[in-house]
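The values are calculated or read from the model by the stated rules, or taken from the named source; none is laboratory data. Owing to the predicted nature of the structure, the values given are computational and were not obtained by experimental measurement. Reconstructed Cβ throughout: ideal geometry from the backbone, glycine too, with neighbour counts over all protein chains shown.
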Amino acid sequence: MTDGPLISTDQLAASLGDVTVLDVRYLMGGPPGRELHEAGHVPGAAYVDLDEDLADPPGAGGRHPLPDERRFEQAMRRAGVRADRRVVVYDDWQGRAAARAWWLLKHHGHPDVRVLDGGWTAWEEEGHPVETGEASVETGDFAVGTDKRMPVVHADDVLDVDVLIDARAPERFRGETEPVDAVAGHVPGAVNVPTTDNLDAHGRFRSPDELYATYARVGATATGSVAAYCGSGVTAAHDVLAMAAAGIEAALYPGSWSGWITDSSRPVETG
């Protein structure tokens, strides 16, 4: 395996017996991920539900607040996550849901988590083995650590970040359309790097050098403070993951736009 946050399908296929695999298939408004999982998944992969296991209910913290730590711990144990065993996470959303699981596991202390580059689509297209039905996994021993390893910013700190990145589509960033949240626009001073900019034409992450150049163009480099947000706090982790692959440390604003607009006194910018 490489030292970065990504792993190829061939690398995963060669190490299936030595890693814990999590299936985090999710698409807002799409079919239930569990049904997709049972229809076919990476052998041995346990299904993880984004709404149930990787987020708390919607509220002042946004549409997908960070999950209660103990509930997250129990969900990861049910999925077989162990502290001494590498974890590989995948989805069928070009890594956007998988990045959320990657971020949470890293944040809470797991030392070795990777995202499957290309996800389920690449796994199937490249002819790797597929298992059906509900996976049977041995309960893990993952424990949420007290020392949080991934930086976080909250609403009170967001305007002080040197480079604040909005991971949403450009038209949502500009406030031209808002299909999900009640208010259109973006956090003042933010710059737009949509998650699609992290990927090549095949839905794989671009090279570290290409990713570094993408973020350097908006001022995000290995120096200075950088944070990312999106609509609900999920897909922003995709930008955080891409920056990690490029050697740039970025914080996550978990509340993101849906949390920002719960307080009408907070400023909104368009254009």
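Please enumerate the residues belonging to the stretch 79-98 that are farther than 23 Å from Glu134 by Cα and of a type in the set (A, V, I, L, M).
Selection gives Ala83 alone.
Given (1) modelled with pLDDT under 95; (2) crowded, with 16+ Cβ neighbours inside 10 Å; (3) touching a helix residue (DSSP H, G or I) at 6+ places or on another chain (Cβ under 7 Å), where does Val89 come up short, assuming only one miss?
Checking Val89 against (1) modelled with pLDDT under 95; (2) crowded, with 16+ Cβ neighbours inside 10 Å; (3) touching a helix residue (DSSP H, G or I) at 6+ places or on another chain (Cβ under 7 Å), the one that fails is (1).
Please work out if Glu38 is closer than 21 Å to Ala122 by Cβ and surrounded by fewer than 21 Cβ atoms within 10 Å (Cβ to Cβ).
Yes: the conditions hold for Glu38.
Among the residues of the stretch 230-238, is there at least one that is part of a loop (DSSP other than H, G, I, E, B) and among the hydroxyl-bearing types (Ser, Thr, Tyr)?
Checked against the condition, which is being part of a loop (DSSP other than H, G, I, E, B) and among the hydroxyl-bearing types (Ser, Thr, Tyr), the stretch 230-238 yields at least one hit.
So which residues in the stretch 205-229 are in a loop (DSSP other than H, G, I, E, B) and crowded, with 18+ Cβ neighbours inside 10 Å?
Ala220
For the stretch 244-271, give me each residue that is over 13 Å from Asp166 (Cα atoms) and surrounded by 24 or more Cβ atoms within 10 Å (Cβ to Cβ).
Matches in the stretch 244-271: Ala246, Gly259.
Among (1) farther than 28 Å from Arg85 by Cα; (2) touching a Lys or Arg at 6+ places or on another chain (Cβ under 8 Å), where does Gly140 come up short?
(1)
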